[in-house]
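The structure appears below as structure tokens.
Any read-out appearing in this document is the output of simple, stated calculations on the displayed coordinates, not a laboratory observation. Bear in mind the structure is a predicted one, so any value in this text is a computation, not a measurement. Positions of Cβ are generated from backbone atoms using ideal geometry, with glycine treated the same way; all protein chains shown enter the neighbour counts.
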């Protein structure tokens, strides 16, 4: 996928370019900088770094990657955090922007970043993450490069914005709440939720259903033949997807970028009538199309999938859709925050 967030040691990540949070002078100190020098081979790397000389904050330069699983190390100097009023955000944006531009010039197909300037330079981690995502998202509108953001501890990838806090309540109501109903036969939930609008979404949908669900193996409601049933197949996934795209007047590029999906995969979906992508990719397309929860369920059903309140990832995605959170980067950040696989 074009963008992903992972928890790992960046020195163990395979990519064409690994970004180092460098010292301005040709030396290395602690943290990510020291780890990269040690893993790459400190003596050889330092020799190449000295050829570059001083690097100004926001600039980016490159050296060979030596023993790392990469072709290049891109060295960029982050800002020292003062109070946020001394151009720190703009300098950090330049670090990501210039590193991505240099990777493009070097012909890289993939790049891995640490969360720049959040160590000894003291840049607040939530703001650092928000800044990184903004620049990367803008870059990927016109690029198919695979970009990985590598974080080490959980606090590094928690955004400061409110959706995470609202997501906690939503998950409590729709994920844990279902288990309470199953255990207590619905009596406690029913007594506590007289107001129908406050009932969990899965309970409201079940109450609104007009027909009982037909289980596999159940007696069919009519004696129609299999041939008759096959003649009334529903709209295929491919047909439904591209009808929805056309109805919204969207270009293919806007859809696959909005879904954090490679152009190659999207072309496969368009050109292969019977191809069904994985569920996470169907959900990513629903986010890109800004579907409501009912249209999302319909798109999933056409691919043979469904949302489940017994799946934490599904509950989080339902929360995002019901709250019109359609920025794929923000959606994936929330998923990652709950240790769920990101989509796209």
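Which of 76, 27 has the fewest other C-beta atoms within 10 Å, and how do the rest follow up to the most?
27, 76
Can you figure out the FRET efficiency of residue 54 with residue 80, using R₀ = 22 Å and their beta-carbon distance, to the nearest 0.05?
Using R0 = 22 Å, I get an efficiency of 0.90.
Ranked by Cβ crowding within 10 angstrom, fewest neighbours first, how are 255, 19, 89 ordered?
Ascending number of Cβ neighbours within 10 Å: 89, 255, 19.
If you take the beta carbon distance between residue 67 and residue 252 as r and set R0 to 45 Å, what does 1/(1 + (r/R0)^6) give as a FRET efficiency, to the nearest 0.05?
0.65
What distance in nm lies between label points placed 7 Å from Cα along the C-beta direction at residue 9 and residue 311?
3.4
Quick check: from the Cα gyration tensor, does the range 3-157 come out rounded (a/c under 1.5), prolate or oblate?
Rounded, since a/c falls under 1.5.
Tell me the relative contact order for the range 3-157 as a rounded percent, counting alpha carbon contacts under 8 Å between residues six or more apart.
For the range 3-157, the relative contact order is 30 percent.
Of all DSSP beta bridges in the range 1-105, what percent run antiparallel (nearest 5)?
45
Quick check on the exposure proxy: order 287, 276 from fewest to most C-beta atoms within 10 angstrom.
Exposure proxy ranking, most exposed first: 276, 287.
Multiply the residue gap between residue 262 and residue 293 by 0.36 nm, knock off their C-alpha separation, and tell me the result in nm, one decimal place.
Length difference between fully extended and current span is 8.7 nm.
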